[in-house]
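Scroll down for the structure; my scribbles are underneath it.
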Amino acid sequence: MHPCLQVAELTAHIISFISPSTAALTHLAQTCKAFEEPALNALYYEVHSFGNFLMCLPQDLWEKSGRMLNFRRAMLLDDWKVLQKHARRVRVLHSGGTIVNADAFSGVFFFASSGLFPNLKVVHIPDANYASLFSSLPLICGPRVVDVRVSNIPPNLVHGLTSLGCHCTSLSSLFFSMEYQFREEVNEKMYGDLVTVLSDAVAVFVRLENLHILLPTFRILPRLLSPITRLPSLKSLVLDLDKVQDESFPIQDTSLPRLESVEIINGLPDQVSDIVSGLTDLSQVQRFHANVSDATDVTKELLDVLAGRLAKDAVRSIRLDQSESDAEKDGNPDQMVLEFDTLPPLFRFSQLTELVLDLITGPTVDDNGLDELSLAFPKLRRLRLGMLLGMCPVNSVTLKGFALLLRNCPVLDQLSLVVDVTPDSNAWFDEAPIAAWNTHLTVLQVMDSPIDDAVYAVRHLLRMLPYLRQVISGCPCVTGVFEGNPFGSDEDEEDVHADGERRQYSKFVEDDEESVDEAYSQALRLGRWAEVNRLLEEHAAKTNPYSASS
């Protein structure tokens, strides 16, 4: 054997390139003693099923019936030694797949006087079917566990949270949700017990820094925030409202002075506003993210609340977005537009490095507005002004506004923006181009930006972005989005009869004539942006052939 393969660090690094989902690691462990330990360490580093892990025991001990693992006989001391040999290698444990019979659990934990996995760091139990595993967490987890995710905790086992904190003394990140099939099942006793248990558990969660809770009802939140305020090390709080439709109501002032990150997911705008209004002393918050489930004019109130609650010199990231499923709902998009004149309250956060406004059809912005926004945030590194429904007449940014943005935000390295790059809209810019130069941006997201001439677009983009290598176009919520040439061939779109190709495209869109026209126009734009990518690749090959993609 080569001497290099006798160095443990080198052998472990080589083995790290082998996928644990294949039989290669098992075969490698049987090759020679030098490979056995590092190969087994890699094989058992992440266990995706506790039941499958028990299959390392002698085959005469267990049998599997469907998804259920049972023991055929009593577990012996020699069996326990085999389990110990591999349990020390496990760092990440999931509960998916095979379910372990209660008698088999008892057989294993009869020998486990302390944590079965002494080096375990991450535990993920995603389903209530594994309640027996959750109830056995004290025997599974040890003092080195730092991250636990438990979904659908049965109401009769919610006290396990306190036990978890007692045994996982290094726990720094926790996600949990309660088990329920219908929201009507969520009653006063269920969330009353949760508040009581959490109030008791805060005494042992002394190192907990990240807390993520899935809430089945908004009613529980005011009472739940009280014990959360007593977590001494909490830095990140995520409240997932699961799109609850409960009526929102004011929350009493709650102080979280050590909090650095606040995230509210799937909440209505007024619910998000009420939560932020109730959180006082947010002087340390650097990151705020709200995923709103419905964009209405209440969003303006939300921006005012953020401006009033967050410390202007501390905040580095603000994200307001929506899921794509909300963009597919019926309704008039004009009623959901976030007007640009609602944004100025945010301009006080001059230290911002990330701004994401990824809403249904907004925010509205033009060249002057983008200039004003970029002057307010000179340290921006990431900007996304997304429009989930695609191109919308409310957006009128041209190459002029694009150049002003690059000039005012010199360290920008991630950008998503609809920009009109058609010659007709940029006649003034052609005659008097604005000097702008950015060497950080290599990928540009243009969504459904208007484009008529790929060569024209590339000429202006490369003048401002010399290291640009790719544009990403298309909108996720518009039917019939194609990658590359939308016509399915290598023919130039200008050489194809438009009416014929429109008829060919219409078979993908089952809607009225107007929808077919819009979908066809979008397909043409995608084809032109695909041509832009081809020209960028050619440019990269000419300027630096070693960096061009093969």
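Bear in mind these aren't lab numbers, they're just calculated from the coordinates by the rules spelled out. Computed from a prediction, not measured in an experiment: that's the story for all the values here. Please note: Cβ atoms are built from the backbone with ideal geometry, for glycine as well, and neighbour counts cover all protein chains shown.
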Percent relative contact order for region 83-157, counting Cα pairs under 8 Å at least six residues apart, stands at 35 percent
For Asp358, other-chain or 5+-apart residues with amide H closer than 5 Å (H placed, Pro excluded) are Leu320, Asp321, Gln322, Gly386
Sequence order, region 91-99: Karplus ³J(HN,Hα) from phi using 6.51 cos²θ - 1.76 cosθ + 1.60, θ = phi - 60°, Hz rounded, Gly and Pro as x, gives 10, 10, 10, 10, 10, x, x, 5, 9
Long-range amide H partners of Phe175, meaning residues 5 or more apart or on another chain whose placed amide H is closer than 5 Å, are Val148, Arg149, Val150, His212
Amide H proximity to Ile99 below 5 Å, modelled H, separation 5+ or other chain, gives Met68, Leu69
Computed over region 21-97, the relative contact order (Cα-Cα under 8 Å, seq sep at least six) in percent reads 37 percent
So for R0 = 25 Å, FRET eff. of Ala432-Asp452 from the Cβ-Cβ r, to 0.05, ends up at 0.75
A correct Karplus calculation of ³J(HN,Hα) over region 260-267, with 6.51 cos²θ - 1.76 cosθ + 1.60, θ = phi - 60°, whole Hz and x for Gly and Pro, returns 10, 9, 10, 9, 10, 10, 6, x
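Using packing as a proxy for protection, rank 86-93, 71-78 so that the peptide with the highest average count of other Cβ atoms within 10 Å comes first. Mind dumping the intermediate values first?
Numbers: 86-93: 18.9, 71-78: 12.2.
Final packing ranking: 86-93, 71-78.
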For region 37-47, in residue order, the Karplus 3J(HN,Hα) values (coefficients 6.51, -1.76, 1.60; θ = phi - 60°; whole Hz; Gly and Pro = x) are 5, x, 5, 5, 4, 5, 5, 9, 4, 10, 9
